[in-house]
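Engineer: Submitted below is the structure of interest, expressed as structure tokens.
The values are calculated or read from the model by the stated rules, or taken from the named source; none is laboratory data. Predicted model, so just to flag it, every value in this text is computed and none were measured. FYI the Cβ positions are ideal-geometry reconstructions off the backbone, even for glycines, and counts take in every protein chain you see. Only protein heavy atoms, including side chains, enter the accessible area calculation; ligands, DNA and RNA are left aside. Shrake-Rupley method; radii C 1.70, N 1.55, O 1.52, S 1.80 Å.
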Amino acid sequence: MRVSAVPVGAPAAPLLLLLCLLLPAASCPSSCLCASDLISCSGRGLSSPPAGLPYYASRLDLGHNALRGLSASWLPEPFRRLASLVLCKNAISQIQAGAFALTPHLLSLDLSSNHLTFLNTSVFAGLTELEELLLIGNRIAGIGPGSFSDLIGLRRLYLSSNRLTDFPIEIYEGPSGPRNLTHLDLSFNRLSTVPVQTVMSLSLRGGVYLQENPLLCDCALLALLQYWMWKQYRPLVDFREGYPCRGADSVHMEIQLLFETRVARLCPSFSAQKSSENCQTQQKTAHPSMTMDGGGGCCSFYSRTSSDKYSSVSGKYMDFIRKSPHNSLRALLCSVANTAPLSVLTDPV
């Protein structure tokens, strides 16, 4: 029987197409459920991902299993289309460098309810497109410098229900990292103090959730809470019952009672001044709508002309400061006023 040979130099496309048609299509592992590009292998007691996962998955759910760690080779092949990875309710205690190298286009990563205790420098390396990171319900007590440096697209970070005792200021202080974070959840941790001026500046960008922490109520924190109440700041208003105030006498008080019972005792009163020797030197050729001594620093709001629209806004803002019963709030608001538009400071959130 004579078999015709394929001529040398003949187009290879038909032959390649035939081979592709004969190859088996990617199938769904028996321990998973697959629907189009959605793959769920949840609750199967898996200690590692099953073999044969479809490479085209856009969402992969490996939650409620028995994974203990993520090595650099924990996934068998690249998942270039994967946008959402769910790893919650496992026993993950270690994440090695390069663990997410095969999932470079993740937008959402859920590592909630695992056994993580510390976030090292390389833990999220390469996830430059990640927008949402859930770390709820771990045992995280420390965050290493640069842990979030690659997460330049991160917008929502959930660190609730961990063991943090210090506000993770390192998230913002590095040369790179999340610059557009609009949601930071630190609720149910062990924070007793927070950098008030930093937190206030951050709250102008989005939501900072601090409820259910053993916060020590000093004058600076009262200043921040009073400002948030005045702004009707949703993270405070929606969870006001979760802000018990622990004073020197260890008495816990709900937020609605704070200002009436603690301000008079903790914070000295002051008399508003329209100007001071310090502030006079800054006026120069501008037209200040109001200038006040900001508790050790100058607090001035300038308008380009006497009829500038900011005059009325600054008057509203300064009226709020004038009515405040303590210096700490005045100093806090003045320090932020120099770096934030007055409309942001005064308009309701």
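Engineer: Determine whether region 72-90 contains at least one residue that is of a type in the set (Val, Ile, Thr) and under 18 Å from GLY153 (Cα atoms).
Structural biologist: No; the residues of region 72-90 include none that is of a type in the set (Val, Ile, Thr) and under 18 Å from GLY153 (Cα atoms).
Engineer: May I pose another question? Which condition from (1) within 17 Å of LEU154 (Cα to Cα); (2) assigned to a loop (DSSP other than H, G, I, E, B) is the one that LEU109 breaks?
Structural biologist: (2)
Engineer: OK, next. Could you grab the pairs with beta carbons closer than 9 Å, sequence gap of 6+ or different chains, first residue in region 212-241 and on the phi > 0 side of the Ramachandran plot, second one in a helix (DSSP H, G or I)?
Structural biologist: These pairs meet every condition: GLU212/GLY242.
Engineer: Quick check on my filter: what residues within region 191-243 are open to solvent by 30 Å² or more (accessible area, probe 1.4 Å) and within 18 Å of ASP166 (Cα to Cα)?
Structural biologist: SER192, THR193, PRO195, GLN197, THR198, SER201, TYR209, GLU212, PRO214, LEU216, ASP218, ALA220
Engineer: Do you know which of the residues in region 232-257 that are modelled with pLDDT under 85 and in a loop (DSSP other than H, G, I, E, B) is farthest from LEU210 (Cα to Cα)?
Structural biologist: ASP249
Engineer: Follow-up. Considering only region 105-124, state which residues are modelled with pLDDT under 95 and surrounded by fewer than 19 Cβ atoms within 10 Å (Cβ to Cβ).
Structural biologist: Of everything in region 105-124, those that are modelled with pLDDT under 95 and surrounded by fewer than 19 Cβ atoms within 10 Å (Cβ to Cβ) turn out to be ASN120, THR121, SER122.
Engineer: For region 161-169, check the following and say yes or no: at least one residue is at pLDDT 80 or above, farther than 18 Å from GLU132 by Cα and either open to solvent by less than 10 Å² (accessible area, probe 1.4 Å) or assigned to a helix (DSSP H, G or I) (or both).
Structural biologist: yes
Let's see how each residue does on (1) within 24 Å of ALA141 (Cβ to Cβ); (2) within 17 Å of the chain's Cα centre (by Cα); (3) charged (D, E, K, R):
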residue	(1), (2), (3)
LEU191	yes, yes, no
THR198	yes, yes, no
LEU215	yes, no, no
LEU222	no, no, no
ARG234	no, yes, yes
VAL237	no, no, no
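Engineer: If we scan region 41-52, do we find a residue that is at pLDDT below 95 and of a type in the set (A, V, I, L, M, F, W, C)?
Structural biologist: Among the residues of region 41-52, at least one is at pLDDT below 95 and of a type in the set (A, V, I, L, M, F, W, C), which makes the answer yes.
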